[in-house]
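Working notes for the structure below.
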Amino acid sequence: SYAFKECINLESATIGSSVATIGINPFVGCSKLTNITFETNEYFKYKNGTIMTKDEKELITYLQTNNETTFVSPSNELKVIRPYAFYGNNKLEIVSISSNVDSIREYAFSNCSSLKKVYNLKTNNEIFTTNVFSGCNNLMNMYVREKYTGNTGSGINVGGINMIVTKMTNNETN
């Protein structure tokens, strides 16, 4: 976990073909890192500023240097967003999560200071673990699928933040 934490001068990284495990957000605090290359790796891939498992079922990390203001799940296969995956990205404003995601791990979006809206959550608060949105002080709106069974309205605590939770109809998109 945190293998290259705070390597502030690291601009690119090459991950060898024999790497079979990647811990929690290995590049947190790498403020210049903009590219990761995987040498014919059977376990992981780099796609659109994210490190994912090869089968695209788990998102491991979203680079802090990613300048996109909107994140859309890069795969409908995505099931898990790992701990601290988006930690500290201060440019991200809108997140659209694949409706197949059934686990958002602890602190996944913590300290994403510009995050304002999260779309497409499919289920109740049980998909969240500890403080998923802690430090996301601008996050005010969460849009959930019709089958959502948790509370809706304003002042709902979801993942450590009080926000407005609104159900989307099947026809709505972000």
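Any read-out appearing in this document is the output of simple, stated calculations on the displayed coordinates, not a laboratory observation. Remember, predicted model here, so these are calculated numbers, not experimental data. Cβ: placed from backbone, ideal geometry, glycine included. Neighbour counts: every protein chain shown.
List the residues of the stretch 91-107 whose backbone N lies under 11 Å from a point placed 7 Å from the Cα of N76 along the Cα-to-Cβ direction.
Flagged as within label range: 99-100.
Need the C-alpha centroid separation for the stretch 32-61 versus the stretch 103-119, integer Å.
With the stretch 32-61 and the stretch 103-119 each reduced to a Cα centre, they are spaced 20 Å.
Name the shape class, rounded, prolate or oblate, that the alpha-carbon gyration tensor gives for the stretch 31-75, where a ≥ b ≥ c are the square roots of its eigenvalues, rounded holds for a/c under 1.5, and otherwise prolate holds if a/b is larger than b/c and oblate otherwise.
Because a/c hits 1.5 or more and a/b fails to exceed b/c, the stretch 31-75 counts as oblate.
Quick query: amide H of N141 versus all other amide H atoms, modeled in the peptide plane; which residues come in under 5 Å with a sequence gap of 5 or more or a different chain?
V118, I164
K167: which lysines have alpha carbons under 19 Å from its alpha carbon, excluding same-chain residues fewer than 8 sequence positions away?
Within reach: K116, K117, K122, K147.
Amide H to amide H under 5 Å from S96: which residues, 5+ apart in sequence or cross-chain, H placed 1.01 Å off N in plane?
The answer is F71, V72, S73, Y119.
Report the number of Lys pairs in the stretch 9-109 whose alpha-carbons are under 24 Å apart, with separation of 8 or more residues or on distinct chains.
Lysine pairs meeting the criterion: 13.
If I take every Cα pair under 8 Å that is 6 or more residues apart in the stretch 38-125, average their sequence separation and divide by the length, what percent do I get for the relative contact order?
Relative contact order of the stretch 38-125: 23 percent.
If you restrict to DSSP beta bridges whose two residues both lie in the stretch 1-121, what percentage is antiparallel, to the nearest 5?
Approximately 35 percent, going by the DSSP bridge assignments.
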